[in-house]
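Student: To start, I am sharing the structure in question, which I have written as structure tokens.
Nothing in this text is a laboratory measurement; each read-out follows from the coordinates by a stated rule. All values derive from a computational prediction rather than experimental measurement.
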Amino acid sequence: MKKLLLSLGILTLINLSSCKKDETTSNTIVGKWQIDSYIITNFENTGKDQDDTKGESPRPTLEFKEDGNLHAIFYFKDLPGNNQNTIEDVQVKYTLNGDKLNLSGNLAFNHNSFTFSISNNILILKRTDVSSIGNKDSGTHIEYTTITATRIK
């Protein structure tokens, strides 16, 4: 009788633990993402980081659609004293090749290609640029861009 009750108790515990709802994360880029940061390191050769999305409200979004279209919306604060925000509405085609994301136009600046990774519903887009903007001697410098976004749909 003790063995029967012990067996029933173990089966009950196994059954209850298997009822726990699994949180699923998707590794597909398709969906809507809220941009948490869009950081350019060594911006215009200053040695400083620049995040043009810092303080934006509402937060910018990226929506990758199954048909290969990307719709991005950025909100930029206008000059002090102006109570309006500038909205940049970007619509381009995208293609994926392994961990490479290529766009038919620019997301922002001259940014039209990235490497990407997705983990725990966080999208990381990265790129490296050689630029001459901000150089006094007509030379070039390296800028690193990292976009971090959280899946919202």
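Student: By how many nm would the segment from T150 to I133 lengthen if fully extended, with 0.36 nm per residue of separation less the alpha-carbon distance? The partial results should precede the final answer.
Tutor: Details: separation 17, 0.36 × 17 = 6.12 nm, distance 3.06 nm.
Answer, rounded to one decimal: 3.1 nm.
Student: Among K32/K54; K48/K153; K48/K136; K93/K126; K54/K126, which pairs are too far apart, with a Cα-Cα distance over 22 Å?
Tutor: Numbers: K32/K54 19 Å; K48/K153 33 Å; K48/K136 17 Å; K93/K126 18 Å; K54/K126 18 Å.
The pairs that break the limit, which is 22 Å between Cα atoms, are K48/K153.
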